[in-house]
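Some notes on the structure that comes next.
The values are calculated or read from the model by the stated rules, or taken from the named source; none is laboratory data. Remember, predicted model here, so these are calculated numbers, not experimental data. Cβ: placed from backbone, ideal geometry, glycine included. Neighbour counts: every protein chain shown.
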Amino acid sequence: MRRELIKFVHTVANWCLYFLAFTVFSCSPKHAQILKNEPVLTWMKNANVPTVGVCMIENAKIQQVKMFGNIEYHSPAPLNTLFNLASLTKPLISTTTLKLVGAGQWQLDEPLCHYWTDPDVANDTFNKKLTTRHILSHQSGLPNWRGHEPNGKLSFAFEPGTQWKYSGEGFEYLRKALENKFHVPIEKLVDSILFTPLGMKDTRFYWDSNMDTTRYAERYSADGTLYEKEKWYSANASNLVLSTPEDYGKFGAAILKGEYLSGEIQEEMIKTQARPTGSRTFGLGWNVIRNLTKGGYALTHTGRNRGQNTVIILLPQAKKGIIVFTNGENGDKVYERIISEYFDSGKEILARMR
């Protein structure tokens, strides 16, 4: 009964409440453009996106965190609303792995078969050539998801390192290798190396007893229809991490400070490893957009699941960044407007991300 009542109130009041001012800042930025309610809420309404969270970073510090819209149990949505990150999970895994490389505990170019071989490719000699570098740069030759393959099995489309092909399965392959080497689940490994040191106390791999389900931003279709509730209870190295804009902002700020990874590893991370299309290049865990008109380069990554769109853009030389989480099928239309209007070089970066 309580759930049905909340849904009714949410439906009736949804867009009216959107035009109330509900803003929380980590601190008042002197240089960042202040996100204004009215245009963002209009973009959300036009795209049928109920909830949007934004984190702006200046001088490698979180300067502004803002939440727009409502979630099922909260109107307005609280600043610590939890979103499914989708593929923004991958930079977390990439950075954790690179931290291990910098510590001498893991090797970028060591064959992963020393720690793990998937049974589906055990008889394929390419499995002996697959390395962490291939996976972090999406040159593994593995499919995005094996379930989408004709036979539902993992297989190599090409020899690792010879072409570019986006692969979630590659990150899952890396997860197995890491877990076997360090004898610890990936969620505990990442927590000890990344989440705890950076103070990311509101980030988790899956739903557990500590999960505050009332803070979760449910997913919505392109026409604004609520999708069925989703829950998951195991870690995935490519997808599904839960976090807040501010928590993920701590991660972005750490990358911008350039202190979390050693200088040598940071350089390796941004070095061109592959060229997916046109002028776009891929480093280790990041799209790298070089030679921006205003100078410098951008590190970018997007995430997309059904009813969810997320994005992060970092400008390491300018020490600026923006993170946008949305819970709508058309969320990319909203975050593109936000980035275009409120972020330096936003339009150019978005154009070159495509």
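Worth a mention:
- Those residues of the range 114-165 which are within 24 Å of the chain's Cα centre (by Cα) and loosely packed, with under 14 Cβ neighbours inside 10 Å, in sequence order: G147, H148
- Residues of the range 309-354 classified as over 26 Å from S221 (Cβ atoms), basic (K, R) and touching a helix residue (DSSP H, G or I) at 6+ places or on another chain (Cβ under 9 Å), total: 3
- Taking first residues from the range 59-79 that are under 19 Å from G252 (Cβ atoms) and in contact (Cβ under 8 Å) with a residue 60 or more places away in the chain and partners that are among the small types (G, A, S) and surrounded by fewer than 22 Cβ atoms within 10 Å (Cβ to Cβ), the Cβ contacts under 7 Å between residues at least 6 apart in sequence or on separate chains come to I62/S26; V65/S26.
- A Cβ distance below 7 Å, combined with a sequence gap of six or more or placement on separate chains, defines the contacts here; from the range 282-293, residues that are in contact (Cβ under 8 Å) with a residue 24 or more places away in the chain and more than 9 Å from M269 (Cα to Cα) reach residues that are charged (D, E, K, R) and not in a loop (DSSP other than H, G, I, E, B) in the pairs I289/R352; L292/E348; T293/E348.
- Scanning the range 128-152 for residues that are in contact with a helix residue (DSSP H, G or I) (Cβ under 8 Å, 6 or more places away or on another chain), farther than 14 Å from G285 by Cβ and part of a loop (DSSP other than H, G, I, E, B) yields L130, G141, L142, P143, N144, W145, G152.
- Where helices (runs of 4 or more DSSP H) fall wholly inside the range 244-354, the ranges with 3 or more residues that are of a type in the set (D, E, K, R) and over 16 Å from the mean Cα position of the chain (by Cα) are 263-270, 331-342, 346-353.
- Residues located in the range 156-201, provided they are over 28 Å from L256 (Cβ atoms) and among the basic types (K, R): K165, K176, K181
- P185 meets the stated requirement of being under 28 Å from N309 (Cα atoms), touching a residue at least 12 places away in the same chain (Cβ under 8 Å) and of a type outside the set (S, T, N, Q).
- Pairs where the first residue, in the range 105-123, is without any contact (Cβ under 8 Å) to a residue 40 or more places away in the chain and the second is surrounded by fewer than 17 Cβ atoms within 10 Å (Cβ to Cβ) and in a helix (DSSP H, G or I), C-beta under 6 Å, 6+ apart: P111/K128; C113/K128
- Total residues in the range 210-229, condition assigned to a loop (DSSP other than H, G, I, E, B) and in contact (Cβ under 8 Å) with a residue 24 or more places away in the chain: 10
Conditions tested, residue by residue: (1) out of contact with any helix residue (DSSP H, G or I) (no Cβ under 7 Å at 6 or more places or on another chain); (2) not in a loop (DSSP other than H, G, I, E, B); (3) not hydrophobic (A, V, I, L, M, F, W, C).
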| site | (1), (2), (3) |
| --- | --- |
| Y166 | yes, no, yes |
| L174 | no, yes, no |
| L178 | no, yes, no |
| K181 | yes, yes, yes |
| L189 | no, yes, no |
| S192 | yes, yes, yes |
| P197 | yes, yes, yes |
| D202 | no, no, yes |
| D208 | yes, no, yes |
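- In the range 306-319, the residues that are within 14 Å of K250 (Cα to Cα) reach residues that are at pLDDT below 95 with C-beta atoms within less than 7 angstrom, at least six apart or across chains, in these pairs: I313/F343.
- Residue selected from the range 25-68 under the condition part of a helix (DSSP H, G or I) and not polar (S, T, N, Q), by the criterion modelled with the lowest pLDDT: E38
- The set of residues in the range 69-125 that are closer than 30 Å to M269 by Cβ and in a strand (DSSP E or B) comprises L82, F83, N84, P111.
- Residues satisfying the stated conditions in the range 247-259, i.e. surrounded by fewer than 20 Cβ atoms within 10 Å (Cβ to Cβ) and modelled with pLDDT of 95 or more: A254, K257
- Take the conditions (1) under 30 Å from N37 (Cβ atoms); (2) surrounded by fewer than 18 Cβ atoms within 10 Å (Cβ to Cβ); I313 misses just one of them, which is (2).
- Among (1) surrounded by 24 or more Cβ atoms within 10 Å (Cβ to Cβ); (2) of a type in the set (S, T, Y); (3) free of Cβ contacts under 8 Å to residues at least 60 places away in the same chain, the one test that S340 misses: (1)
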